[in-house]
Each structure stands twice: as C-alpha cells, then as structure tokens.
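Asker: There's a structure below that I have some questions on.
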C-alpha cells in the first residue's frame with residue numbers, strides 16, 4: 001500500500017460542548033494525521049472522546065479550537081451547506097446501530113446518498129454496491145426483514161457506493177455476534193483496500209484495532225500512539 005498525502009489532519013484540536021452543568025471539554029488538544037489509504041484504529045475507555053473525534057472529522061461537530069483538514073478541505077468556518085456537500089462528496093459513516101431508514105428497501109437506502117449527489121444511475125449503482133457486499137438477492141427487502149449482519153452490509157454499501165474517500169466506522173460490530181462481526185470487518189477492510197479509502201475505526205476490541213496500520217488511544221480527550229502488542 002502506498003501512503004500519499006494526508007487524508008485527515010488534526011492540529012491541536014479542541015472540542016467544548018455546553019451542558020446543564022456548564023461547558024465540558026471533550027477533546028483537549030488532539031493532533032494526529034491519517035494518510036490516504038491508511039486504516040487507523042481508535043481505542044480508549046467509554047466517554048474518552050472517540051466518537052466526538054469522528055464527529056469533528058466529518059464536520060458534524062465544529063472544533064472549538066485548532067485546525068482540521070479532511071479530503072483537502074479546511075473545515076474551519078464552513079457553513080452547514082458547505083459541510084453537507086463535503087460529507088456528500090467525501091465521507092462514508094458506518095454506525096454501530098446501522099441507521100437504515102426503516103421504510104426504505106435495501107436498494108433505496110443505498111440509493112439515497114447517490115441521489116443527493118445527483119447521480120442519474122443511482123439505482124443501478126446501488127444495486128451494484130449491494131452485490132459487492134453479497135446482498136444482490138436482498139435488494140427489495142426492508143431493514144426489518146434483514147439480519148443484523150445483513151443490515152450492516154447495507155450500511156457499508158451505502159457508505160462506500162457513493163465513492164467515499166474517508167470511512168468513519170464507530171463500533172461497527174458492536175451489535176453483532178463474534179462470527180458475524182468478523183465477517184463484516186473482513187468485508188470492510190477488503191472494500192477499503194480496493195477503493196484505497198482512508199479508515200478511522202473506533203473499537204473497544206484491541207485485537208480488531210491491530211488489523212489497522214496504526215492505533216491511537218484516546219483518554220480523557222487526549223491521544224497517544226497506542227501499542228500493537
């Protein structure tokens with residue numbers, strides 16, 4: 001794998017959110033870099049800021065200090081419309097709880113981001129994406145008719161079929177049994193490598209994190225390079 005220019009750069013990034021008890025510092029001066037095509041495993045205890053890091057990387061939360069670059073764009077000071085276009089064109093997000101639209105079929109769920117991009121062949125590309133994840137026979141099934149593993153495959157197809165350059169995965173196997181989760185991770189890494197996408201993978205499973213090129217550990221809103229042993 002050839003590592004190229006940075007896909008994501010955090011420079012001394014802070015995130016402070018308001019709560020009923022007052023301002024809460026979530027991220028406290030985080031700095032790291034993810035190269036194009038690299039997979040980074042993000043580990044750390046619950047509440048340490050792992051998910052918030054992904055939110056900032058996607059522009060869903062605005063950093064309150066520091067500098068964030070993703071896919072060549074400085075996310076600072078961008079409008080909601082600009083950030084929505086950035087996510088549409090560059091970001092694929094895979095959640096623990098799938099986040100499929102229950103009233104839409106698998107095909108329709110995967111078509112949504114393609115339609116947002118104005119793709120005239122959205123349905124055909126969505127069908128191809130579902131075939132890539134082994135669900136070519138499930139195009140017209142609704143989420144309630146799919147197993148947990150199948151739903152996560154739909155979510156992966158949705159994240160990747162629109163041509164995402166950066167994949168953000170937040171505990172993608174958290175709601176799956178070990179065997180199903182393992183097959184989902186195999187699929188995710190296989191597709192990531194084929195598409196040369198950059199992956200930030202939040203996980204509590206150190207063995208899973210070791211499959212990544214690097215591990216960073218988040219504790220109390222700060223990061224350090226994690227050990228692979």
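Asker: Name the residue, out of 19, 52, 97, whose mean-square fluctuation peaks in a Gaussian network model built on the chain with Cα pairs under 10 Å.
Answerer: 19
Asker: Only bridges whose two residues both fall in the chain count here: according to DSSP, what percent of them are antiparallel, nearest 5?
Answerer: Details: 22 of 39 bridges.
Antiparallel: roughly 55 percent of the beta bridges in the chain.
Asker: Between residue 16 and residue 189, 0.36 nm times their residue separation minus their Cα-Cα distance comes to what?
Answerer: Full-extension gain reported as 59.0 nm.
Asker: Can you tell me how much longer the chain between residue 99 and residue 128 gets when fully stretched, taken as 0.36 nm per residue apart minus their C-alpha distance, in nm with one decimal?
Answerer: Length difference between fully extended and current span is 8.4 nm.
Asker: If one takes the longest principal axis of the Cα atoms in the chain, at what angle in degrees, from 0 to 90 and to the nearest 10, does the Cα axis of helix 178-195 lie?
Answerer: 80
Asker: Ok, one more. Comparing 192, 50, 117, which has the greatest mean-square fluctuation in the GNM of the chain with Cα pairs linked when under 10 Å apart?
Answerer: Ranking 192, 50, 117 by mean-square fluctuation puts 117 first.
Asker: Report P(r) for the stretch 81-152: all Cα-Cα distances, bin width 5 Å, range 0 to the bin holding the largest distance, values in whole percent.
Answerer: Cα pair-distance distribution for the stretch 81-152, in percent: 3, 16, 25, 26, 18, 8, 3, 0.
Asker: Can you tell me what the convex hull of the Cα atoms of the stretch 74-229 projects to on average, as an area in nm²?
Answerer: Hull-based average projected area comes out at 10.4 nm².
Asker: Then there's this: Any idea what angle helix 106-116 forms with the longest principal axis of the chain, computed on alpha-carbon atoms, 0 to 90 degrees, nearest 10?
Answerer: 60
Asker: Subtract the Cα-Cα distance of residue 67 and residue 80 from 0.36 nm times their separation in residues, and report this length gain in nm to one decimal.
Answerer: Full extension from residue 67 to residue 80 adds 2.9 nm.
Asker: Strictly greater than 18 Å: what percent of every Cα pair in the stretch 8-58 meets that?
Answerer: 34
Asker: Stick to the Cα atoms of the stretch 45-102, pair each with every other, and give me the Kirkwood hydrodynamic radius in Å at one decimal.
Answerer: For the stretch 45-102, inverting the mean 1/r across all distinct Cα pairs yields 12.6 Å.
Asker: Follow-up question, since we're still on this one. On C-alpha positions alone, give me the angle between the axis of helix 80-90 and the longest principal axis of the chain, in degrees, nearest 10.
Answerer: The helix 80-90 is inclined about 60 degrees to the chain.
Asker: Rounded to the nearest 0.05, what FRET efficiency is calculated for residue 219 and residue 115 with R0 set to 45 Å and r the Cβ-Cβ distance?
Answerer: 0.65
Asker: I would also like to ask the following. For the chain, modelled as a GNM with alpha-carbon contacts under 10 angstrom, which of 43, 26, 166 fluctuates the most?
Answerer: Answer for the Gaussian network model of the chain: 26.
Read-outs throughout are calculated quantities, based only on the coordinates presented, and are distinct from any laboratory measurement. As the structure is a computational prediction, the values presented were derived from the model and not from experiment. Note that we place each Cβ from the backbone using ideal geometry, even for glycine, and neighbour counts take in every protein chain shown.
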